[in-house]
Amino acid sequence: MIAGNALAERTFRWVDSEGQVHYGNRVPPEYAKAERRVINEQGRTIQVYEAAKTPEERAAAREAAKKEARRKALDEKQAIHDRSLLATYATEQDMQLARDGKVASVDALLQLTNSRIESMKLRLLDLTEEAATYERSGKPLPHSLEGQIQNLRTQIVRNEEFVKEKELELSDIQNQFDADINRFIELTAERENTESSSQRIANLEAAKNNPEIELTRHDRTLLTTYTGEDDLLVARDQKLDAINELIKLTTERIESMQVHFSELSDNADEYESRGQKMPEVLLGQMKNVMQGIAQSEELLVLKLQEKAKLEEQYSTDIKRYRQLTASN
């Protein structure tokens, strides 16, 4: 009964079709879908019932809700990416180093692949000339020679497709890092890396004030370049990743050329078994492949030495950095 009395005492305010304002405890049916307000005894609006929406208005409201949901999802995704940037990189220079490392890795792969394509094209040209010799003499084309030609054409197409993919990847890397660097600058514009700078200054001052430490120029470089040991590890890993990628690519190239040389040797054996003189073209191919293998093996040795030297240098730097910052 109390609830019924409360409902009965409610006063509604609505506007009719002519713009006249009305008050009452009941809203006429013809205005039930129009906007109406509940008024208390003091004449204040305590509740508003919105007017019923048309189909077009409901469709617009749904579309607006979808847009808002998409905007919130994008904002959340951006927030996650921002946190990742700030947690991964200490300075803009760190991002540039990471970008240059990835670009160098892809560039090296492109150079090796393009070199391999040129080598295969030259080899295909030689084999095509050899096949033409058979045709001119009216002799049947050996199956091994025909298979090599077909295999080379397939490999050239695949490698050219791989080059296109890597060129797109290279462009994506550069564009993504450009956007990330700009965003990082925006996120750190207010603080201006004061935390990182202050930490490096504090590390240097603490080492200078430590009578047990005699600072060298390299020590000062370590303390003014890196905020913490983690920065050293990141820099080391980036450089090692680039060298490891080159070592891997060089090893794969050597293996590929060794397979090529084995195929050429089989052809040479076939001529020898028939008592025929080995063509100069085939002999030149074998010589070129042997030179390529030797050069790649020399490069591999140099890169392995460079990797060992880099690991040793960073191991020494990390130990020294720990000594320099132990008292801080």
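Any read-out appearing in this document is the output of simple, stated calculations on the displayed coordinates, not a laboratory observation. No experiment lies behind these values; they were computed from the predicted model shown. Don't worry about glycine lacking a Cβ; one is built from the backbone with ideal geometry, like all the others, and counts go over all protein chains shown.
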*Mind running the shape call on region 116-170? Use the C-alpha gyration tensor, a ≥ b ≥ c as the square roots of the eigenvalues: rounded below 1.5 for a/c, prolate if a/b tops b/c, oblate otherwise.*
prolate
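What is the order of SER198, SER105, fewest Cβ neighbours within 10 Å to most?
Values: SER198 11, SER105 20.
In order of increasing Cβ crowding within 10 Å: SER198, SER105.
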*Given DSSP loops and a limit of at most 11 other Cβ atoms within 10 Å, what is the longest stretch of the chain that contains no such GluC sites (Glu not before Pro)?*
51-189
*Translational diffusion of region 105-244, µm² s⁻¹ [Kirkwood Rh, Cα pairs; Stokes-Einstein; 25 °C; 0.890 mPa s]*: 118 µm²/s
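Per 0.36 nm of contour for each residue apart, how much would the distance between GLN47 and ARG71 grow if the chain were fully extended, relative to their Cα-Cα spacing? It would help to have the intermediate numbers written out before the result.
On the way: separation 24, 0.36 × 24 = 8.64 nm, distance 3.05 nm.
Difference between extended and current length: 5.6 nm.
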_Given an 8 Å cut-off on Cα distances and at least 6 residues of separation, report the relative contact order of the chain as a percent._
16 percent
_Gyration tensor verdict on region 49-153 (Cα atoms; rounded if a/c is under 1.5, prolate if a/b is larger than b/c, oblate otherwise)_ = oblate
*asked:* Among ALA59, ALA104, ALA207, which one shows the highest mean-square fluctuation when the chain is modelled as a Gaussian network with alpha-carbon springs under 10 Å?
replied: ALA59
*Work out which trypsin sites (Lys or Arg not before Pro) in the chain are exposed loop sites (DSSP not H, G, I, E or B, at most 12 other Cβ within 10 Å) and give the longest gap free of them.*
54-190
*Once Rh is set to the Kirkwood radius over Cα pairs, what Stokes-Einstein translational diffusion coefficient, in µm²/s, holds for region 195-328 at a temperature of 37 °C and a viscosity of 0.692 mPa s?*
174 µm²/s
_Degrees, to the nearest 10: 229-273 long Cα axis against longest axis of the chain_ = 40 degrees
_Debye intensity ratio I(q)/I(0), log10, region 194-242, q values 0.15, 0.22 Å⁻¹ (C-alpha model)_ = -0.45, -0.81
*asked:* Taking a virtual spin label 7 Å from the Cα of LYS166 along the C-beta vector, which residues in region 102-128 bring their backbone nitrogen under 18 Å of it?
replied: 102-122
*According to the square roots a ≥ b ≥ c of the eigenvalues of the Cα gyration tensor, what is the shape class of the chain, taking rounded for a/c under 1.5, prolate for a/b larger than b/c otherwise, and oblate for the remainder?*
oblate
*asked:* Can you give me the angle between helix 55-88 and the longest principal axis of the chain, using Cα atoms only, in degrees from 0 to 90, rounded to the nearest 10?
replied: 50 degrees
*Hey, in the GNM for the chain with a 10 angstrom Cα cutoff, which one of THR224, THR45, THR216 fluctuates hardest?*
THR45
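For MET290 and TYR134, FRET efficiency with R0 = 25 Å and r from the beta-carbon atoms, rounded to 0.05? Kindly include the intermediate steps, with their values, before the conclusion.
Numbers: r = 26 Å, r/R0 = 1.03.
For TYR134 and MET290, the calculated efficiency is 0.45.
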*Specify the residue with the greatest mean-square fluctuation among ALA206, ALA65, ALA132, computed from a Gaussian network of the chain linking alpha-carbon atoms under 10 Å apart.*
ALA65
